[in-house]
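Every number here is computed from the coordinates shown, using simple stated rules; none is lab data. What you are looking at is a predicted structure, and each value in this text was computed from that prediction instead of being measured. Positions of Cβ are backbone-derived with ideal geometry, glycine not excepted, and every protein chain shown enters the neighbour counts.
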Amino acid sequence: MTVLVDISHRFGDFAVDASFESAGRLTALFGPSGSGKTTLINLIAGLIRPDRGRIAVDGRVLVDTDAGLFVPKHRRRIGMVFQDARLFPHMSVAGNLRYGRWFTPAAERYADFDAVVELLGIGHLLDRRPAKLSGGEKQRVAIGRALLASPKLLLMDEPLASLDEARKAEILPYIERLRDETKIPIVYVSHSVAEVARLASDVVVLAQGHVVASGATGAIMQRLDLLPAEERGEGGAVLDTKVLRHDEAFGMSVLGSAAGDIRVPRLAAPVGAPVRIRIRARDVMIATEPPVGLSALNILPGTIVAVRPGMGPTVEIAIDCNGAIVLARITEQSKHTLRLRLGGKVFAVIKTVSFDSATTGAGLPVEADG
Amino acid sequence: MNWLLDLTPDEWNAVRLSIKVATVAMIASLPPGILIALVLARGQFWGKTLLNGLVHLPLILPPVVTGYLLLLTFGRRGPAGAFLAEHFGIVFSFRWTGAALACGIMGFPLMVRAIRLSVEAVDRKMEAAAGTLGANPPWVFATITLPLILPGLIAGAILSFAKAMGEFGATITFVSNIPNETQTLPSAIYTFTQVPGGDEGALRLTLISIVISMAALVASEVLARRVGRRMDIE
């Protein structure tokens, strides 16, 4: 399954001129507001007709201006979850969910109503009216509605942007399940490092209507220079780990990763569950010798593989810890004092308490909210 | 109360005819009313101001003028009237159908205004969302737009009905005042006021007129509230 986009479109004094190709499970279109990511997703959905270009999903050409081809949105079979949910106010939740099913040819209906309702935990809402739902519930219903049209591709346009932190934490696990348990590829628009690092398999970085980088999430997240200024502090290494055990006495969980064991505050995820963590570059200290008498619990040995100038008087040091790259942001002075250079053997030091729900995810909540 | 309900056959006919004319005028106006309201609310085309003016003309012109224009166009010798009579057997002049046409035309601007306002209030993003779910434009209209403008449709329909119940000038000019054929309630009341001793009849029909109009108004309120509660837009 690949998504291929190569378009140029202009309205007013804003121009989008972007091309990318992705075969990821969940491709994030990432960039600050005004970078053109919503325009791109609207172009894929068919809500906007581009001035020039080509869009193809899984080999099926949807737009080709040279050939005069433009498939209207209702024939694309591309599901869309909008930032503002857009549930139909005159239908119940069940009515909203079943809406797309009507228009799907019977042979192409793969989405099962009960399975989707169960996946999103919305069974208790079916008889309600959209106006009676909370923001998080609306968004889950909107996701279900898009899924039940049995789409070939699911687009999500900042589905969490209008929600508070608690609601975001409520929905994120469902999107993870969607990514891991269904076969539908997802294109996800976001300006949040936390969401992208946690959800995306691939990232396309946009700025001022252009693609500035694209690739696997781990690689992109280490390029702190690509992140919007206000999100730069959130940048860092992204590691895929597994829960090894829970340490109930100290309220911690131990995660196994290529870099070694990493202790984080107690997670809800069960032993054996995969957990993707993000280690903010600003949270990582560097020691040139094995530290002793230190409160920090995570000490990962590694080799410096890159030294890059960072913002202001800082440098970014990439450390290869047994194949996993950990990124550290330190001052020029520290680099100078410790004489850090390429190939140097160092220890990356990370405090357990520097991990929080935004960087470890919480795992699925024990029970869905009522 | 007895004298109120003790109507002569002619008076009964006037009541029945009025309700028939108003109902037909309202129902026949709905499809073109929705179409014109949609075009005015969403269309961008040359001559939109002209169309808007044309629709509102019956509201500004003296009703007699509208009636006379109808007579010229839809009368037996009028271009539209002759065509319709010859090819479809539809005759308007001096028939109750003519009264319905006059009433429909007079109520049309009111109906279009009410529907247009509700069309403009529809969140077009809802329609876009329905499109991404596979609904083609006619289905989007039927399942999203139409239900969302229902309160405006009801308001417009009731306004048109009420206007038709009270229409006098254009009707009497176009189809005259023929008992049992074109004599609607207002014409009948007018006739009573023109003859000696007609006061009692005029008063009876006036009260009936008030009751019907009030009933229509209450019905529209109840309907609109029910639709509103069902919708519950935040």
For the stretch B:18-33 versus the stretch B:115-130, the gap between their alpha-carbon centres in whole angstrom: 25 Å
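Compactness ratio of the stretch B:2-231: Cα Rg over 2.2 N^0.38 Å, N = residue count? Write out the running numbers ahead of the final one.
Details: Rg = 19.9 Å, N = 230, 2.2 N^0.38 = 17.4 Å.
That works out to 1.14 for the stretch B:2-231.
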Only helices at least 30 Å long along their axis, Cα-based, and averaging 0.5 or more on Kyte-Doolittle count here, so list those DSSP H runs from chain B. B:9-42, B:96-121, B:199-231
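Could you rank the peptides A:262-271, A:219-228, B:53-62 by their average count of other C-beta atoms within 10 Å per residue, with the highest value first? Please list the in-between numbers first.
Working: A:262-271: 17.0, A:219-228: 19.7, B:53-62: 14.9.
Peptide ranking by packing, descending: A:219-228, A:262-271, B:53-62.
Suppose the chain between A:Arg10 and A:Asp112 were pulled fully straight at 0.36 nm per residue; how much longer would it get relative to their current alpha carbon spacing? Write out the running numbers ahead of the final one.
Working: separation 102, 0.36 × 102 = 36.72 nm, distance 3.97 nm.
Length difference between fully extended and current span is 32.7 nm.
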Before rounding to the nearest 500, sum -39500 (n - 2.57) across all DSSP H runs of length at least 4 in chain B and divide by the residue total; then give [θ] at 222 nm in deg cm²/dmol. -25000 deg cm²/dmol
Distance between the C-alpha centers of the stretch A:76-135 and the stretch A:152-202? Whole Å please. 17 Å
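Estimate the FRET efficiency between B:Phe83 and B:Thr49 by the formula 1/(1 + (r/R0)^6), using the beta-carbon distance for r and 30 Å for R0, to the nearest 0.05. Provide the component values of the computation, followed by the final result.
Details: r = 29 Å, r/R0 = 0.96.
Rounded to the nearest 0.05, the efficiency is 0.55.
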Sorted on mean Cβ neighbours within 10 Å (highest first), peptides A:141-154, A:85-98, A:278-291 come out as A:141-154, A:85-98, A:278-291
In the stretch A:283-369, which GluC sites (Glu not before Pro) are in a loop and have at most 12 other Cβ atoms within 10 Å, using DSSP for the loop call? A:Glu367
Honestly the stretch A:275-354 on the Cα gyration tensor test (a ≥ b ≥ c root eigenvalues; a/c under 1.5 rounded, otherwise a/b vs b/c for prolate or oblate) is just rounded
Could you work out the mean count of beta carbons from other protein chains within 10 Å of each residue's beta carbon in A:85-97? 4
Contact order relative to length for the stretch A:1-112, counting C-alpha pairs under 8 Å separated by 6 or more residues, stands in percent at 21 percent
Determine the distance separating the Cα centre of the stretch B:132-155 from the Cα centre of the stretch A:1-66; give it in Å without decimals. 29 Å
Starting from the Cα of A:Asp51, move 7 Å in the Cα-to-Cβ direction to define the label point; list residues of the stretch A:206-242 whose amide nitrogen is under 15 Å from there. A:209-210
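Using unit Cβ charges (K, R positive; D, E negative) and no other charged atoms, how large, in debye to the nearest 20, is the dipole of the stretch A:238-356 about its Cα centre? Walk me through the numbers before you get to the answer.
Details: 15 positive and 10 negative charges, 44 e Å.
Its charge dipole is roughly 220 debye.
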Calculate log10 I(q)/I(0) of the stretch B:61-153 for q = 0.14, 0.16, 0.18 Å⁻¹, where I(q) comes from the Debye formula with a single equal point scatterer on each Cα and nothing for solvent. -0.70, -0.75, -0.80
Can you list the DSSP H helices in chain A whose Cα atoms extend at least 20 Å along the helix axis and whose mean Kyte-Doolittle hydropathy is 0.0 or higher? none
Which stretch or stretches of the stretch A:299-326 have amide N atoms under 18 Å from the point lying 7 Å from A:Thr337's Cα along the Cα→Cβ direction? A:313-317
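Given an 8 Å cut-off on Cα distances and at least 6 residues of separation, report the relative contact order of chain B as a percent.
Working: 282 pairs, mean separation 67.7, N = 234.
Relative contact order of chain B: 29 percent.
Per the helix-only calculation at 222 nm, which mean residue ellipticity applies to chain A, given -39500 (n - 2.57) for every DSSP H run of n ≥ 4 and division by its residues, nearest 500 deg cm²/dmol? Don't jump to the answer; show the numbers that get you there.
On the way: 9 runs with 80 residues, N = 370.
Roughly -6000 deg cm²/dmol at 222 nm, from the helical runs in chain A.
Which loop trypsin sites (Lys or Arg not before Pro) in the stretch B:1-93, with loop taken from DSSP, have no more than 13 other Cβ atoms within 10 angstrom of their Cβ?
Numbers: sites: B:Arg16, B:Lys20, B:Arg42, B:Lys48, B:Arg76, B:Arg77; in loops: B:Arg76, B:Arg77.
The qualifying sites are B:Arg76, B:Arg77.
Please give the FRET efficiency for A:Asp225 paired with B:Leu217, using the beta carbon to beta carbon distance and R0 = 56 Å, rounded to the nearest 0.05.
On the way: r = 68 Å, r/R0 = 1.21.
With R0 = 56 Å, the Cβ-Cβ based efficiency is 0.25.
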Residue by residue through the stretch A:291-301, which ³J(HN,Hα) values in whole Hz follow from phi under the Karplus form 6.51 cos²θ - 1.76 cosθ + 1.60 (θ = phi - 60°), with glycine and proline marked x? x, 10, x, 10, 6, 4, 8, 9, 10, 10, x
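Please give the charge dipole size of the protein assembly as shown, origin at the Cα centre, charges +1 on K and R Cβ atoms and -1 on D and E Cβ atoms. Round to the nearest 20 debye. Mind dumping the intermediate values first?
Numbers: 62 positive and 55 negative charges, 137 e Å.
Dipole about the Cα centre, nearest 20: 660 debye.
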Compute the distance in nm between two label points, each set 7 Å from the Cα along the Cα-to-Cβ direction, one at A:Val61 and one at B:Leu146. 3.7 nm
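For A:Leu69 and B:Thr206, what is the calculated FRET efficiency with R₀ set at 56 Å and r taken between the beta-carbons, to the nearest 0.05? Write out the running numbers ahead of the final one.
Working: r = 67 Å, r/R0 = 1.19.
Calculated transfer efficiency: 0.25.
With the Cα gyration tensor of the stretch A:217-370 giving a ≥ b ≥ c as the square roots of its eigenvalues, does the rule (a/c under 1.5 for rounded; else a/b larger than b/c for prolate; else oblate) give rounded, prolate or oblate?
Prolate shape, in that a/c is at least 1.5 and a/b is the bigger ratio.
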A chain fully extended from A:Thr303 to A:Lys183 at 0.36 nm per residue, minus the present Cα-Cα distance, gains in nm 39.4 nm
So what is log10(I(q)/I(0)) for chain A at q = 0.09, 0.12, 0.13 1/Å, when the Debye sum runs over its Cα atoms only? -0.56, -0.94, -1.07
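Which of A:Tyr110, A:Tyr188, A:Tyr99, B:Tyr68 has the fewest other C-beta atoms within 10 Å, and how do the rest follow up to the most?
Arranged by neighbour count, lowest to highest, A:Tyr110, A:Tyr188, A:Tyr99, B:Tyr68 become A:Tyr110, B:Tyr68, A:Tyr99, A:Tyr188.
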Simple spin-label estimate for A:Asp164 and A:Ser134 in nanometres, 7 Å along Cα-Cβ: 0.9 nm
